[in-house]
């Protein structure tokens, strides 16, 4: 369980972000958290993202919500996007021990100044800041399976 003080809601921390899938896509088809087709409906739809192991925490990070804001003022808006952890990002940017967000194409594009989402996506990796923003009630199906050691027949 995440036990955080009130200050955890206030402090922004540095990270990096990339995007995956189609440019305007809603995200993955379930991911490591085992949400399956739930990622296609609200509140998950177009807000999903994978995170590096530091935030994924072997499944304990599933369902966590974060505010993420791009730092490149030449192309990014001032607003932060809200993402919901549904997956652990594989290798590459995520395997170097740093905090990283791999966002759906749609949510990544929402960080851009109006009309510049394509240009932002062309940048690939961008510096961001993030903060924990709560979480959803449901946990990872796969994490619960590991904790309680029951067979998953979904």
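The simple spin-label model puts a point 7 Å past each Cα toward its Cβ; for residue 114 and residue 98 those points are separated by 3.2 nm. In the stretch 58-101, which residues have a backbone nitrogen under 13 Å from the label point lying 7 Å from residue 122's Cα in the Cα-to-Cβ direction? Counting backbone N atoms under 13 Å from the label point, the list is 75. Here each label is just a point 7 Å from Cα along the line to Cβ, and for residue 79 and residue 129 those points are 1.9 nm apart.
In plain terms, the bigger the Kirkwood radius, the slower the diffusion; for the stretch 12-138, with that radius from Cα pairs, at 20 °C and 1.002 mPa s, Stokes-Einstein puts D at 153 µm²/s.
Just so you know, all these numbers are worked out from the coordinates, no wet-lab data involved. Here the structure is a predicted model, which means the values were calculated and not measured. So basically every Cβ, Gly included, is an ideal-geometry build from the backbone, and we count neighbours across all protein chains shown.
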